[in-house]
Every structure is written in C-alpha cells, then in structure tokens.
1. Looking only at the stretch 72-93, decide whether some residue is over 29 Å from HIS264 (Cα atoms), at pLDDT 95 or above and touching a Ser or Thr at 6+ places or on another chain (Cβ under 9 Å).
2. Would the stretch 281-291 turn up any residue that is surrounded by 19 or more Cβ atoms within 10 Å (Cβ to Cβ) and in contact with a strand residue (DSSP E or B) (Cβ under 9 Å, 6 or more places away or on another chain)?
3. Among the residues of the stretch 33-62, write down those that are among the aromatic types (Phe, Trp, Tyr) and within 19 Å of the chain's Cα centre (by Cα).
4. Is at least one residue of the stretch 615-629 modelled with pLDDT of 95 or more and part of a loop (DSSP other than H, G, I, E, B)?
5. Quick one: how many residues across the stretch 478-530 are within 24 Å of the chain's Cα centre (by Cα), part of a loop (DSSP other than H, G, I, E, B) and surrounded by fewer than 20 Cβ atoms within 10 Å (Cβ to Cβ)?
6. Suppose we keep only residues that are in contact with a helix residue (DSSP H, G or I) (Cβ under 8 Å, 6 or more places away or on another chain), among the aliphatic types (A, V, I, L, M) and closer than 14 Å to LEU427 by Cα within the stretch 41-60. Which one would you say is surrounded by the fewest Cβ atoms within 10 Å (Cβ to Cβ)?
7. Across the stretch 555-590, what is the number of residues that are without any contact (Cβ under 8 Å) to a residue 40 or more places away in the chain and within 27 Å of the chain's Cα centre (by Cα)?
8. I'm checking my understanding of the structure. Among residues of the stretch 264-318 that are among the hydrophobic types (A, V, I, L, M, F, W, C) and without any contact (Cβ under 8 Å) to a residue 40 or more places away in the chain, which one is nearest to ASN348 (Cα to Cα)?
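The values are calculated or read from the model by the stated rules, or taken from the named source; none is laboratory data. Bear in mind that the values here come from a model prediction, so they are computed numbers and not experimental data. All Cβ positions, glycine included, derive from the backbone under ideal geometry; neighbour counts span all protein chains shown.
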Amino acid sequence: MNSTHAHNKAINANSASPYVKLKNINFGDCTWTKGFWAKKTQKAIDVMIPYMGGVLCGDVGHALNNFKIAAGMKEGEHQGMYWHDGDFYKFMEAKTYAYALTKEDSILKELDEYIDILAKAQEPDGYLQTQIQLRPDADRYENRKYHEMYNTGHLFITACAHHRLTGQDNFLDLAIKHAELLYTIFYPDTKHFQRFGFNQTQIMGLVELYRTIGEVKYLKLAQKFIDRRGTYEIEHDSTTVGYPIGDMVQERTPLREETDPVGHAVLALYYYAGAADVYAETGEAALVTALDRLWESVTQKKMYATGAVGQTHYGASANRDMIEEGFIDDYMMPNLTAYNETCANLCNAMFSFRMLGIHGEAKYADIIELVMHNSGLSGISVEGKDYFYANPLRMLHGTRDYDAHADVTETPNREGYLACFCCPPNLVRTISNLSGWAYSLSDNGVHVNLYGSNQLDTTLADGSVIKLSQDTEYPWKGLVKLTVDSCKAEAFDIALRVPGWATGATITINGKDAGVETIPATYAVLNRKWQQGDVIIIDIPMEATFIEGHQRIEEVRNQVAIKRGPVVYCVESPDLPEEASVLDVYVKGDTELNVNYQSDFLGGTATITADTYLRSTEQGPMYSAVKKPDWQEGKTNFVPYYAWSNRGTAEMTVFVPVVWK
C-alpha cells in the first residue's frame with residue numbers, strides 16, 4: 001500500500017511531504033476510549049460544539065447571519081469582528097471532526113446546509129468575505145485590517161478537512177474557486193499587494209490545498225507570501241490604515257533572517273506554522289534554520305510555565321513599533337497582566353506539532369502536552385460553555401478596570417460569548433482533533449506522542465496494519481500500558497516519548513526490562529519482532545514538585561509553582577479562608593505535596609494539598625516599614641490551572657512565595 005494514499009486523511013496531511021520525518025496518522029485512526037481526553041472530546045461533541053453552534057448560528061454571534069445576508073437570504077448588516085467568517089469556519093472544522101468521530105448523519109446534513117449558504121454567498125469569481133461584501137465603503141484587498149487572508153486560510157483548512165473526512169467536494173469546490181482568485185491577484189509581483197498577508201493562515205491553508213489536490217501553484221503562492229515579507233519599506237500606506245505596522249505584523253525582517261519572535265503572538269505563530277508546512281514540501285535549509293531559532297526563542301525565553309505565550313496586551317518592540325497581544329523582551333514575564341491569548345497558546349502547540357514532524361524530536365511533543373493540559377485547556381470552562389480569551393497567571397480583585405476593555409478579551413470570569421470570538425472555536429476544534437496528534441509514523445514504526453487511553457488502528461509506512469491499545473489514567477497517574485493487538489511479522493519500532501519533566505521512568509516488555517534508556521525529552525525506541533498480545537509498560541514517576549523560573553524572570557524570584565506531570569497547579573481564593581487573598585499564601589519549602597484525586601470535583605481532577613503560611617496584611621501605602629509577619633500555619637489546596645474560574649469570581653495565582661525553614 002502506498003503511504004501517500006494510506007494517510008491522506010490526516011488533518012495536517014504530510015504523508016507525501018518529502019522533508020518530514022514523522023508522518024501524521026489519518027484522523028479517526030486513533031480514538032480516545034476513556035479518561036482525560038476521552039471525556040474532553042465527548043464534552044466537545046455533546047456540549048461545546050452544539051452550544052457554539054447556537055451562538056454562531058443565531059443572533060448573538062451573527063456569523064451565519066452574515067453569510068445569509070451576503071447570499072441574499074436575509075436582510076441586515078454585517079455584525080461581529082472582521083474575522084468572524086474565520087470563526088465560523090473553525091466551528092465548521094470542529095463539527096467536521098465530530099462527524100468523523102460519530103458518523104452522525106445529522107451533523108453532515110447541518111454542514112451541507114452551511115455549505116449551501118456559503119456557496120450562495122460566494123461571488124462568481126470566487127471571492128468570499130462577508131465583512132467586505134456587506135460594506136459598501138470597503139473594497140477587496142484594499143486594507144489588511146479586514147483580515148481577508150486570515151479568513152481565507154481557515155476557509156482552506158476547513159474545506160480540506162471536510163473533503164478528507166466526508167469524501168465530499170462541495171466545500172472543497174468553494175475553496176478551489178477562491179484559491180484561483182487569490183493566485184490570480186497575489187502571485188504576480190504587484191507592489192500594491194506585497195504587504196497584504198499579515199495574519200497569515202492563508203499559508204497553511206494553501207499548503208493543505210496543495211496537499212489535497214496536488215496543484216503546485218498553491219504551494220508556490222504560499223512560498224511567495226513568505227518570500228515577500230520584510231522586503232519592502234515599512235511605512236503607512238492605503239493598505240495599513242487603522243492597523244499597526246512593522247514588527248506587529250512581522251514585516252521588518254525577512255523570516256529567514258529573523259532571530260527573535262516579534263509582534264502579535266498569534267500572527268507570528270501562524271506564520272511560523274505555515275512556513276514549517278512550506279519547508280515540509282520544499283526542504284529549504286534557510287527556512288528551517290530560521291524556524292529552529294524562533295522555536296527555541298519562543299519556548300526558552302518567552303513562554304510561561306503553562307505553555308502560554310504573548311506576554312502583553314499592549315507594548316512596543318525593540319524597533320519601537322507598537323504591538324498588541326504579543327511578544328516582548330526575553331524573560332519579561334508579568335503574571336497579573338499576562339495576556340496569553342488562548343489562540344496564541346494553541347498556535348504554540350500547532351507550530352510545535354509541525355516541528356515534531358520535521359525533526360522527530362520529543363521536545364516538540366512536550367510543548368504540545370504542556371499547552372493542552374494547561375494554557376490551552378484553561379480557555380474553556382469545565383462545563384464547556386464559557387471562555388477565556390486571555391490567560392494570566394495571577395488574578396486579583398480590584399486591581400484592573402475590566403469594564404474599560406470594551407473588546408472583552410480580558411475578563412475576571414469566563415464569558416459565554418466573547419465579541420472577539422476567535423479563541424473559542426480554535427480551542428474546540430483542537431480538542432476535537434487532538435486524537436490525531438497522539439501518534440506519528442516513522443519510516444518503520446510508530447511514535448507515541450501523547451498519553452491517554454485510546455485505540456490505534458492504522459497502517460505503517462509500508463502499508464502493514466498496526467493496532468495498539470493504550471490503557472492509562474494519565475495525567476493523574478504515570479503508568480501507561482500499551483498492548484499490541486495486531487502487527488506485521490517483521491521487526492519495527494515502537495517509540496515511547498519520555499517527557500522532559502520525567503526522571504526515573506522505566507519500560508518493560510511482557511514484564512521484563514526493555515533494556516533501553518529513558519532519557520527525558522527523548523523517544524525511547526523499542527525495535528523487535530512484535531507479536532499479538534505483547535504488552536509494553538512505561539511507568540513515568542508522577543511526583544508533585546516545585547518549579548522555579550529563570551533567574552532573569554524578576555516577577556517570580558523567590559517564588560515557586562507546583563507541577564505534577566504535565567499539569568501546572570494554582571491556588572484559588574475559594575480554597576482560602578474568607579477575606580484572604582492569594583497574595584497572603586506562602587508555601588513551606590519542606591512541605592509534603594499530597595495528591596488527592598476527586599472524580600466529582602471540577603470534572604474529575606487531582607488536587608494537591610501543601611503546608612502553607614498565611615500572612616495577614618492590610619493594604620497600606622506604596623512602601624512601608626517592615627513588620628514581623630503574623631504567620632498562620634495551615635494547609636492549602638491547589639487545583640490544576642486549567643480548572644480555575646469554575647467556582648465563581650475568584651482570585652488566583654500560579655506562583656507563590658516559598659519559605660524555607
């Protein structure tokens with residue numbers, strides 16, 4: 001069996017990409033069976049997606065209404081942000097994954113109804129952007145603030161996923177028609193259009209379209225958008241009115257020369273992910289060298305302990321360009337004012353997923369795991385209906401005027417609808433397709449990227465069948481059992497990721513030591529002639545521990561956070577005495593960190609109890625003389641960061657001062 005055709009239903013369909021070491025499995029080849037991600041995925045199918053549909057297909061989100069108005073099926077004006085079309089495409093993508101997992105005809109019927117509306121809204125030459133079509137004063141591709149490229153990218157990505165998972169062409173046909181128009185306008189070296197692709201999901205979308213139908217000009221156009229960036233004089237012109245320029249949109253420096261991630265974190269990381277897709281097809285050394293530098297800088301100098309990125313809401317770059325929702329200086333990591341947009345955190349995982357495929361190194365999967373168990377999942381409530389856009393590491397009562405943020409991207413509580421609705425469908429589509437990230441395929445084997453009870457039924461690169469069952473209570477317990485249910489007779493690899501935080505992991509095969517090293521942040525490769533019924537056990541010590549920040553992160557000097565496995569913890573005011581603030585909590589350095597799993601608490605979670613001091617303080621002048629603290633000894637409960645803000649308005653902090661005695 002030709003692997004090019006065997007795995008053409010992957011979400012990021014790199015089975016034929018010549019410069020990828022680890023190929024993606026078809027979506028649906030892995031299904032969660034029980035436990036953490038099975039529950040989250042089922043919650044997405046049962047609650048998250050239907051609730052979101054009610055929002056976006058009604059008069060609250062208005063996204064579907066915009067398409068209906070453009071289609072002549074409804075009277076009215078465009079409502080919502082300029083990128084609201086893209087929000088709807090991401091919702092459709094999530095719904096497509098729900099269909100692929102459930103095969104419910106009603107879901108497919110709803111998708112077809114949406115596609116019929118989109119087809120009526122699309123103009124004869126392929127143009128489809130309701131924020132322009134419904135504004136008499138707006139012209140096509142005249143001002144990048146309208147986010148046409150962003151919407152286009154999500155149109156392409158969703159249409160490709162829909163085609164792969166349903167076998168239908170109705171959505172793909174709309175995408176191809178739109179792509180032909182895009183190529184006609186943007187492939188020629190026209191000065192007016194060279195700066196246009198600033199929120200660059202269209203690069204990922206064009207590569208997926210190339211992978212889907214094999215039209216090479218889409219790949220060339222994707223590369224053209226990269227080649228042009230940073231090659232022109234930076235100044236305001238007619239295409240930039242109303243939107244920041246320069247580093248904000250990664251246009252001061254050509255990507256291949258860039259050493260430092262700058263500007264809006266989502267724009268940057270979508271750009272890098274798209275460039276990684278282009279490299280996967282072209283193998284250009286300068287491109288991957290730059291991406292390596294940027295990935296290291298993002299994850300080692302600008303990332304929070306939760307995997308979150310985009311330190312500030314407002315700021316300036318080193319070149320003094322105004323930026324929003326983006327990167328600032330290395331190790332400048334505020335907690336209370338941290339922005340950490342949910343989309344940015346997810347993009348951090350998406351970029352890492354592509355780098356995992358390119359290099360085949362476990363450190364990239366570590367970032368995916370960190371984001372998805374913390375700063376990604378924190379974007380939605382346990383119930384599945386309320387959202388965070390920003391994900392700070394500290395929340396205090398009365399310290400910020402949240403009412404002043406009219407865009408409601410920074411809120412003290414999760415909200416059932418955000419006027420800027422990009423994050424909710426981004427998160428829900430990622431939760432819905434995460435099973436497609438759990439395994440990858442090497443030249444002669446399978447790599448286990450993410451742990452969670454599941455069943456894998458796929459084919460290896462040579463077309464032979466491989467079936468595995470994974471049984472585990474991860475992330476609450478570190479024991480993972482993999483059973484070989486079916487395989488070829490010849491020897492092949494099963495590679496197990498040893499998380500970067502894990503020390504002392506052990507691996508056995510049929511009860512005997514596997515004889516391989518378990519080095520943190522690597523894959524332990526097991527090669528042998530496997531037989532049906534073989535049992536592999538990787539036992540990863542899941543000890544709760546303190547973590548501290550780099551010495552240059554001023555905000556967390558002499559403070560610690562609690563982490564257990566991939567899960568970062570926080571202290572929340574519902575677990576403190578009345579009137580106490582999270583700022584009053586000091587943890588004892590020699591405390592035992594006691595773990596208690598509660599199936600009926602916050603959707604089923606392990607909490608950690610630690611010995612602490614509470615220091616009662618009164619709000620005084622900005623500076624005052626030090627008085628001997630009045631310590632109150634006790635125990636404090638810590639909850640997973642992703643689960644905070646599910647018990648009403650609360651204070652929260654990830655890092656707390658530590659007292660060693």
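1. No, there is no match, as no residue in the stretch 72-93 is over 29 Å from HIS264 (Cα atoms), at pLDDT 95 or above and touching a Ser or Thr at 6+ places or on another chain (Cβ under 9 Å).
2. no
3. Within the stretch 33-62, the subset among the aromatic types (Phe, Trp, Tyr) is 36-37, 51.
If the condition is that a residue be among the aromatic types (Phe, Trp, Tyr) and within 19 Å of the chain's Cα centre (by Cα), then PHE36, TRP37 are the ones that fit.
4. From the stretch 615-629, those modelled with pLDDT of 95 or more are none; that's our starting set.
So far as the stretch 615-629 goes, no, none of its residues is modelled with pLDDT of 95 or more and part of a loop (DSSP other than H, G, I, E, B).
5. Number satisfying all stated conditions: 3.
6. Once the filter is applied, the top-ranked residue is ILE45.
7. Qualifying residue count, the stretch 555-590: 0.
8. First pass over the stretch 264-318, keeping only residues among the hydrophobic types (A, V, I, L, M, F, W, C): 265-269, 273, 275-276, 278, 280, 285-288, 290-291, 294-295, 298, 303, 305, 308-309, 316, 318.
Then keep just the ones that are without any contact (Cβ under 8 Å) to a residue 40 or more places away in the chain; that gives 285-286, 290, 294, 316.
On the way: ALA285: 22, ALA286: 21, ALA290: 16, LEU294: 11, ALA316: 21 Å.
Only one residue tops the list, namely LEU294.
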